[in-house]
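The values are calculated or read from the model by the stated rules, or taken from the named source; none is laboratory data. Remember, predicted model here, so these are calculated numbers, not experimental data. FYI the Cβ positions are ideal-geometry reconstructions off the backbone, even for glycines, and counts take in every protein chain you see.
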Amino acid sequence: MRDLIPLFPYLKKYKSKIFLGFLFVSVSIFLQSLYPLVIGNAIDDLISKANEELLFKYALLSVGIILTGGFFLFLTRRTIIVASREIENDLRNDFFAHLQKLPKNFYNEKTTGDLMAHATNDINNVRNFLGPGIMYSVQTVLRTIITLIILFSINAEIAVIALVPLPFISYLVYSVMKRTYGRSMKVQEAFSAMTTKVQENFAGIRVIKSYVREKFEIEQFNKISADYQKKNLALARMQAYSFPMMFLLTGLSIIIVIYFGGMKVINGTFTVGNIAEFVVYLGQLTFPMIAFGWVISLVQRAAPAMKRISTIMTTEPGIKDAGKSGINLTAESIRGEIELRKVSFRYPKTEIDILRKVDLKIPAGSTLGIIGYTGSGKSTLINLIPRVFDVTEGEILIDGADIRKISLNELRKSIGIVPQESFLFSDTIANNIAYTGEISEERITDVSKKAGLYKDVNLFPEKFRTILGERGITLSGGQKQRTSIARAIYKEPKILILDDSLSAVDTSTEAEILKELKEVMKGRTSIIISHRISTLQNADNIIVLDGGIIKEQGAHNDLIKLEGIYYNIYMKQLLEEEIKEI
Amino acid sequence: MSVHKIKYKKEEEALGKALDSQLFRRLLSYFKPYKLQIAFATILTITISALAAVRPRLTPIAIDDKIANKDLPGLQIIIIILLGTLVLQGAIQYIMAYLTSWIGQKIIYDLRKKVFEHTINLNLKFFDNNPIGRLVTRVTNDIEVLYEVFSSGLVTAFGDIFTIIWILYFMFTLDWKLSLVTLSVLPILVYATSVFRKNVRSSYARIRILVAKMNSYIQEHITGISIVQLFVREKKTVEEFEKINRDHTEENKKSIFYYAVFFPVVELLGAVAVGLIIWYGGGQVFSSYISVGVIISFIQFTEMFFRPIRDLSEKYNILQTAMASSERIFDLLDRKSPVVDPEYPVPAKDVKGNIDFKNVWFAYNEEDFVLKNVSFCIKEGERIAFVGATGAGKSTIINLLCRFYDVTKGSITVENTDIRNFNQQDLRSNIAIVLQDVFLFSGDIKSNIDLGNDLISNATIDESVRNTGLDDFINSLPEGISHKVNERGSTLSVGQKQLISFARALAYNPKILILDEATSSVDTETELLIQEAIKKLIEGRTSIIIAHRLSTIQSCDKIIVLHKGEIKEMGTHQQLLENQGLYYKLYQLQYKEEFKNA
């Protein structure tokens, strides 16, 4: 229960709605409790042969009571349940907003699937507790109290006897629910084991077929499928109790009333109308008793779910923002001089330094090329500049200021980055390019021409309004990269970073794009990572990274003369080109 | 300009399908093996619905005859009968609920078995062309949707109908005039229910779309979180999300409205029915046409009447969703594999490893030939290396030899028999493939070596572990060969995974070995282990190697240089080097450095 405390501020926001809901539910319960009294009286009057007019009044009265009661029930749902939906909305907004603040490190440790489960299942479980959970617990408590008062006022003795089975209902419902929940969790586990098996088999189909293991895998699958069936049947055995249990116990109460009440009628201390009243009231009690057990199981589900949500909501964003207290540099005023001083970096919970005491100066407006084998630290280095990660040791300066002292937003606004894996959103091409700032068709056309994308987009029937992703079209790798470049240029950043961003583009297109980009890079500091010498050779300065250390540095011609790593890569690529020509 | 593929993806958002009699009949055919159980379940539902209607019928007898006449022993008998029917009803209800689940589970199991077996036996082309996620959904979720139809769905629909019939029967035998008066609310109830269902259903459809939209938004912005942060779009993103979340909440609130109206309306209709009973029936009591007990039992009947009517309309919805799923499942079951086994297969027992490619042409997509007129022959025990740039057609040769695909033109023979005359499985049991991307299954190291084959003895496994140099690693593990392997072997290093796949191939002791050497770099120590293991692997059997290592190439009898789907050069390492052709260039590109280092 303690895990649910973080919900209080959310409840508080809707306190008037919830309060009204409590009021409405009380009125509707009160009215509905009157209903059996009316019927009981009507039947008694039938026996004592009252006049017909009175009967018509009874009929109208019973309909009237249910009508008003129903109206208030309607209002209850419109307040409490609506409030629960609003709280769900707030909670999900806050959860999502918090996710946006968390650093890359956090996402490296969590799977998308888990986070999705928190945003959907966990929040749903909390909502179920807040809405139906609260509504039914109020209903249950009120209805039980009112009904008990009425039953006891009619006849205390019969009331006591008749009520004996009711607490058992609650307890039974609770324990069946608990076991059902436990078993359904097991069913779920078995289901996901089965899914994993199928997934693995289909993904590894080549191995299965080449080693002729189809029969074996089918047997294995059937075993898992049989286990799933077994778990389901265990669940079914438990669920099968719920229905008979319910009416067995109410039925029992009714039979008790007919028997003992009947004896009293024979003695003359009880009326047939009283029996009818009891029967209806007992029927009214059954549902609250069932709801009671259900509410408990809702709480049991909501508490751990809320705990998981709270854990994430209280996770601190790892990258501290200097905000306004920092150095007064804005995206507009930054010139773009970058300096790395003895920068070392290692990922948390690892022991290997990805970068080792790297010293590097990039003058404002110059172009730096980076080349090196996979794992040499290229991407890590450029990720440190927009503070995707913070350095482990040393410092990075922009225009002479430690980047940790610059406002995070201003820092990132001044950098246009084209990441290695071009990630685009399922939105129009225009919206993807104009990701930052207002949409200007003129500028979109301009930047897409520069990124070598314009011709491709014009081939699509919807042009820039073409939607990408699941609900739209899939771009080729090269098209994605060029869109991603256009997006970065659109930002008009002072610092432009291309992380192996032309790898999926063929050499002739690359040359075209590079020619265009040359214009763009004028007056901007640019960093280009590439495996291809052709991409880098015109840079003002090129560094060769190897094992987190700068091994070679200089302009293209200098590095060739050096006959080191750079030279070797260059020669190989010349050969590759030659082979392709054949 | 690179070729770009534009794929328009179909939306899989099927919300339900109108009843299709052919589909429905095919679905029903799965009930056949359980005819008896279904008949029994149907009898039980009829009994239950009868019993449920009996109790209100007994109430007037208890009140009018026994209580009114102060007949205590008579009352006791009625009470005992009431108790008896109650217990009986409970017991039957329990058996029925379990029995229907049992039938449903059995049929689901049968169907799933069939679908899985069918799918796994489809050829590779099918798997290459269909996203694995979608296939997994067919076997898992789509079949799950059918459970409700197969279990409670149809049988309880029967029950509901019978309940209604029984109640009607009892009501009319008690008093037909009062019955008609009571039932006058029925058309309104049916109408209200259908309006409610229609609204709720379309509201749910909209909610489902909004939930999917919201989920994909969350998913996308978790995957693309770096972009959001690097482009300082957190605020905008949150705003956008709030809009989507708001739409979702509003739609949910709308469906709350439907519920908030519907339940009071149903109660109201119930009250109207009771009011009519009191008003009209009460009048009849005065005229002594009807007893008070009859009135009480009519009140009870009204309450019992409402539930089955509501349930029935729900069942119809379930059936509609099931139709959409079953259509997808049957579509999969109707797929045929284009690579088929011959009717009278040649036994592949005496395969020694003589392979002949004769003028082989092959295209994955119609005219786009990946292999062009490729001919070569490999003799028993020979080692052949294939060399070429990516896209030269090396892997296609493997795919064809294993009959994952059939040649477009030309033929491939093994021991002078066209491989299309063998059973696919017989052919493959003579071949072992070691792929570049090692695929490991979750389980342990042992199960990844023998792949669950009982015919491979522990001694064989131990030997292959030793011969591949995997023993040092295995001995360093506390559980040894029973060391747990995660999904895809995520906890093992690239080198370890490769050695395991080598041990796998060795343990199967194939006549023909196909090795697609991995290019990924490993540390020097592992590299030596791998080189040693490869030597053991190819010893004494026909081997086809897509080579990336100089040491492997040098130990081969023949090297075939592929370029853009054609054989350009063929010969030994020395011969080809002297040629100074394509091989010479490739050699300089890929192997020279290695050669220098060695």
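Observations on the structure shown:
- Filter result for the condition that a residue is under 25 Å from A:K223 (Cα atoms), of a type in the set (G, A, S) and at pLDDT 80 or above, over B:S101, B:S179: B:S101
- Selection within the stretch A:344-394: residues that are surrounded by fewer than 16 Cβ atoms within 10 Å (Cβ to Cβ) and in contact with an Asp or Glu (Cβ under 8 Å, 6 or more places away or on another chain). The member of this set that is nearest to A:S534 (Cα to Cα) is A:Y373.
- Pairs with Cβ under 8 Å, 6+ apart, first in the stretch A:458-473 and under 19 Å from B:Q219 (Cα atoms) and at pLDDT below 80, second among the acidic types (D, E) and assigned to a loop (DSSP other than H, G, I, E, B): A:G469/A:D427; A:R471/B:E11
- B:K352, sole failed condition from (1) without any contact (Cβ under 8 Å) to a residue 40 or more places away in the chain; (2) under 19 Å from B:N430 (Cα atoms); (3) of a type in the set (K, R): (1)
- Residues that are in contact with a Phe, Trp or Tyr (Cβ under 9 Å, 6 or more places away or on another chain), aromatic (F, W, Y), away from chain A (no Cβ under 14 Å) and under 30 Å from B:A97 (Cβ atoms) occur at least once in the stretch B:163-172.
- Residue count, the stretch A:370-417 (criterion: under 16 Å from A:A322 (Cα atoms), part of a loop (DSSP other than H, G, I, E, B) and β-branched (V, I, T)): 3
- Comparison of A:S534, A:S530, A:S526 shows that the only residue that is hydroxyl-bearing (S, T, Y) and closer than 23 Å to A:D446 by Cβ is A:S526.
- Only one entry of A:E52, A:E86 meets the criterion of being among the charged types (D, E, K, R) and in contact (Cβ under 8 Å) with a residue 60 or more places away in the chain, and that entry is A:E86.
- Taken over the stretch B:232-255, the residue count meeting the criterion of being within 7 Å of another protein chain (Cβ to nearest Cβ) and under 24 Å from A:T111 (Cβ atoms) is 6.
- Residue in the stretch A:133-141 that is in contact (Cβ under 8 Å) with a residue 24 or more places away in the chain, under 20 Å from B:V211 (Cβ atoms) and crowded, with 17+ Cβ neighbours inside 10 Å present: no
- Filter pass, A:V544 being assigned to a loop (DSSP other than H, G, I, E, B) and either among the basic types (K, R) or surrounded by 19 or more Cβ atoms within 10 Å (Cβ to Cβ) (or both): no
- Residue match in the stretch B:171-194 (condition: basic (K, R), over 29 Å from the mean Cα position of the chain (by Cα) and over 30 Å from A:Q284 (Cα atoms)): no
- Selection within the stretch B:417-460: residues that are closer than 20 Å to B:F357 by Cα and aliphatic (A, V, I, L, M). The member of this set that is surrounded by the fewest Cβ atoms within 10 Å (Cβ to Cβ) is B:I419.
- Of all residues in the stretch A:405-424, one or more are basic (K, R), surrounded by 16 or more Cβ atoms within 10 Å (Cβ to Cβ) and closer than 15 Å to B:R233 by Cβ.
- Residue satisfying all of: in the stretch A:490-501; surrounded by 24 or more Cβ atoms within 10 Å (Cβ to Cβ) and more than 12 Å from chain B (Cβ to nearest Cβ); farthest from A:P419 (Cα to Cα) among these: A:L496
- Checking the stated criteria, B:I481 turns out not to satisfy the condition of being touching an Asp or Glu at 6+ places or on another chain (Cβ under 9 Å), modelled with pLDDT of 80 or more and not in a helix (DSSP H, G or I).
- Scanning the stretch A:200-223 for residues that are touching a Gly at 6+ places or on another chain (Cβ under 8 Å) and at pLDDT below 85 yields a single hit, A:R213.
- Filtered residue count, the stretch A:192-245, keeping only those that are among the charged types (D, E, K, R), farther than 18 Å from B:L135 by Cα and facing chain B (nearest Cβ under 7 Å): 2
- Test: residue in the stretch A:308-331 that is within 25 Å of A:A488 (Cα to Cα), of a type in the set (D, E, K, R) and either surrounded by 15 or more Cβ atoms within 10 Å (Cβ to Cβ) or in contact with a Phe, Trp or Tyr (Cβ under 8 Å, 6 or more places away or on another chain) (or both): yes
- Any hit, the stretch A:200-217, residues being closer than 15 Å to B:Y109 by Cα and surrounded by 17 or more Cβ atoms within 10 Å (Cβ to Cβ): no
- Test for A:S28: is it among the hydroxyl-bearing types (S, T, Y) and either at the interface with chain B (Cβ under 7 Å from one of its Cβ atoms) or under 23 Å from B:K253 (Cβ atoms) (or both): yes
- Candidate set: the stretch A:550-576, residues that are more than 14 Å from chain B (Cβ to nearest Cβ) and assigned to a helix (DSSP H, G or I); chosen: the one surrounded by the fewest Cβ atoms within 10 Å (Cβ to Cβ): A:N557
- Residue ID - nearest to A:T271 (Cα to Cα), chosen from residues in the stretch A:155-188 that are without any contact (Cβ under 8 Å) to a residue 40 or more places away in the chain and under 31 Å from the mean Cα position of the chain (by Cα): A:G182
- With a requirement of 1 or more residues that are surrounded by fewer than 22 Cβ atoms within 10 Å (Cβ to Cβ) and modelled with pLDDT of 75 or more, the helices (runs of 4 or more DSSP H) lying completely within the stretch B:222-325 that satisfy it span B:225-230, B:234-276.
- Residue in the stretch B:378-398 that is assigned by TED's automatic domain parsing to the domain that holds B:K564, in contact with an Asp or Glu (Cβ under 9 Å, 6 or more places away or on another chain) and modelled with pLDDT under 75 present: yes
- Just one residue in the set A:T474, A:T483, A:T466 is closer than 30 Å to A:I403 by Cα, within 35 Å of the chain's Cα centre (by Cα) and not basic (K, R); that residue is A:T483.
- Any hit, the stretch B:203-214, residues being touching a helix residue (DSSP H, G or I) at 6+ places or on another chain (Cβ under 7 Å) and at the interface with chain A (Cβ under 7 Å from one of its Cβ atoms): no
- The residues on offer are A:I254, A:I266, A:I312, and the sole one that is within 14 Å of chain B (Cβ to nearest Cβ), in a helix (DSSP H, G or I) and closer than 30 Å to A:R92 by Cα is A:I312.
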